[in-house]
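Report on the structure given below.
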Amino acid sequence: MTDGIFRLAYISRNGGLNDPSELNDLLASARRNNATMDVTGALLFSRDCFAQVLEGPMVNVSQVFELIQLDERHSEIVVLMAEQAAGRRFPDWAMAYAGEDAAARERFSAMSFEALRERAVSGGEILAMLDGAVHRAPPVT
Ligand SMILES: Cc1cc2nc3c(=O)[nH]c(=O)nc-3n(C[C@H](O)[C@H](O)[C@H](O)COP(=O)(O)O)c2cc1C
């Protein structure tokens, strides 16, 4: 299938991205590239792990994900969801940051890659977590 929306969700181990300015650089580059690729999604970050949802045309999501997989800032990528979707969950974000809201940032800050993997977190759960955080975040005033 070439048209329609494809959605991919994964978790990975953070390989040393701690500094907020490094996260900002990552988000800026993701947003710039994804906007040209018609890819949208959301990213969750803790000192220990990442969780990300990517959505868009399948070929484009695959291309973006290829780049992401090569990135040495994380490792042990576990794909939890890769499927056609009825529509986008993050249509307004080239790459939303799930920690934009201070309460969500606090909640996610202690998230451990090992714990997620051990309890076999599902793609649906990651999607719901990111969706909840991004859509609950109050507008910036
Ligand atoms: C956890 C994580 C998520 C990323 N997400 C994206 C993304 O959604 N889109 C993207 O283009 N790059 C993403 N990147 C960055 C890419 O791996 C790569 O650095 C970037 O595409 C390089 O683009 P640039 O040379 O234009 O800066 C991500 C990297 C990490 C570690």
Open item on the list: Which one, Leu27, Leu44, Leu130, has the greatest fluctuation when you compute a Gaussian network model over the chain with C-alpha springs under 10 angstrom?
Closed with: Leu27
Task: Relative contact order, percent, the chain [alpha-carbon distance under 8 Å, six or more residues apart] - done: 36
- [ ] Check each of the GluC sites (Glu not before Pro) in segment 1-93 and keep only those in coil by DSSP with at most 14 other C-beta atoms within 10 angstrom; list them in order.
- [x] Glu72
Open item on the list: Just to check I understand the Karplus step: with θ = phi - 60° and J = 6.51 cos²θ - 1.76 cosθ + 1.60, what whole-Hz values come out for segment 7-15, glycine and proline as x?
Closed with: 10, 10, 10, 9, 10, 8, 8, 5, x
Task: Nearest-20 debye value, segment 5-136 charge dipole, Cβ charges on Lys, Arg, Asp, Glu - done: 220
Task: Residue among Leu80, Met58, Ser122 farthest towards the positive dipole end of the chain, charges placed on Cβ - done: Ser122
Task: P(r), alpha carbons of the chain - 10 Å bins starting at zero, rounded % - done: 12, 46, 36, 6, 0
Open item on the list: Students often check this: by mean Cβ neighbours within 10 Å, which of 123-129, 7-13, 29-35 ranks highest, and how do the rest follow?
Closed with: 7-13, 123-129, 29-35
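Just so you know, all these numbers are worked out from the coordinates, no wet-lab data involved. Note that the coordinates shown come from a computational prediction; the quantities given were computed from them, not determined experimentally. When we count neighbours, we look across all protein chains shown, and the Cβ atoms used for this are built from the backbone with ideal geometry, even at glycine.
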